[in-house]
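The values are calculated or read from the model by the stated rules, or taken from the named source; none is laboratory data. Quick caveat: nothing in here was measured; it's all calculated off a predicted structure. Glycine also receives a Cβ, built like all others from the backbone with ideal geometry; neighbour counts cover every protein chain displayed.
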């Protein structure tokens, strides 16, 4: 995995509203994560939406607003063996996912992947077309892209993070 000239991040709050290109660089410099280091119910944050400069400028204020407790998504919970989990929205466990190590769509390096497409999970479209990736960027702090898989390719639709 390529190392980047970034310092460890101690809080997701430092990254809320960051430019997607900066988050991409930080993510590429991250390392594989042991989910146990985040606990069984880490707090989540939306960090950025989309990729281009136009989307960044238009959405930065909205992202900062929703990175507070106004966003109904609170994070994720994991099974005891860290092979499955759920998103926590308005206090409810929804949108189940499978967890696996795989190559990143972003850079081809190992990453933790959250997949929503397994039929037994019963996720609705468009959730089943999503794939989350996650790497540790500091002690108890991890970030990654939310990707939409469609038409034989993947597009980054947002950046997110979890913290202990």
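Things to note:
- Identity of the residue in region 6-22, modelled with pLDDT of 85 or more and assigned to a loop (DSSP other than H, G, I, E, B), that ends up farthest from residue 139 (Cα to Cα): 19
- Top-ranked residue of region 38-49 - restricted to ones that are in contact with a strand residue (DSSP E or B) (Cβ under 7 Å, 6 or more places away or on another chain) and not in a strand (DSSP E or B), ranked as modelled with the lowest pLDDT: 40
- Against the test of being at pLDDT 95 or above, within 16 Å of the chain's Cα centre (by Cα) and over 26 Å from residue 10 (Cα atoms), the options 97, 114 yield a single qualifying residue, 97.
- Residues in region 78-98 include none that are in a strand (DSSP E or B), out of contact with any helix residue (DSSP H, G or I) (no Cβ under 8 Å at 6 or more places or on another chain), within 25 Å of residue 26 (Cα to Cα) and in contact (Cβ under 8 Å) with a residue 60 or more places away in the chain.
- Residue 60, sole failed condition from (1) modelled with pLDDT of 95 or more; (2) assigned to a helix (DSSP H, G or I): (1)
- Scanning region 65-74 turns up no residue that is modelled with pLDDT under 95 and under 13 Å from residue 141 (Cα atoms).
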